[in-house]
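Take a look at the structure set out below.
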Amino acid sequence: MDDSRNIVIGRLSKDTGTKVETIRYYERVGLLPAPARSEGGYRLYRIDHLKRLNFIRRARTLGFSIDEIRTLLRLADERKRPCAEVRVVAEAHLEDVRAKIADLKAMERVLRDTVARCAKGTGSRCPVIEALYREAPSLGPRIAAVRPPTAQLTRGTSSAPTMGASSRHG
């Protein structure tokens, strides 16, 4: 591709598989530099924009946050910076990924056990539904922290648990 060729946003979107709104968002948050404008006000991107957008998309696919990507792009732009600085960002992200994997493995165990209990059930009480009403301390503090602190489960007159009056939504 010719480095001097202008690329309109629709073409950039198509070439990278990125929605137009996402491209504009990346510009607003400073990940993608603002392109030149045509006399009619259209954005005119260059090959450098395409390369940078591909970098951003790949980093997002790998789960890097916007702030982490901003740091990686800054380090990529300052090529004289030591690779050790990139390693620090990557190591922090690796720890986050490992924590998520641990959480997902805990969820897998709970779901596997619950589904196994449900597999042979023919009654009206479903172990999966019952398990979703119970707190699952085996999932660890990361998942338990998501549960609203004032939510209390109580038994109603029906066979299914109901939320107590003290729970808050939102």
With +1 at each Lys and Arg Cβ and -1 at each Asp and Glu Cβ, the charge dipole magnitude of region 1-75 around its Cα centre, to the nearest 20 debye, comes out at 120
One checks the Cα atoms of region 1-100 and finds Rg and Dmax, in Å, of 15.0, 50
Between LEU32 and residues 5 or more places away or on another chain, the pairs with built amide H atoms under 5 Å apart involve GLU27
Note: probe point = Cα of LEU50 + 7 Å toward Cβ; backbone nitrogen < 18 Å; residues of region 10-31 passing the test are 10-20, 23-24
Amide H contacts under 5 Å for ILE7, restricted to residues at least 5 apart in sequence or on another chain and with H modeled in the peptide plane, are TYR45, ARG46
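Throughout, read-outs are computed from the coordinates displayed, never taken from laboratory work. None of the values given here were measured: they were computed from a predicted structure. Here the Cβ is made from the backbone with ideal geometry for all residues, glycine too, and neighbour counts use every protein chain on show.
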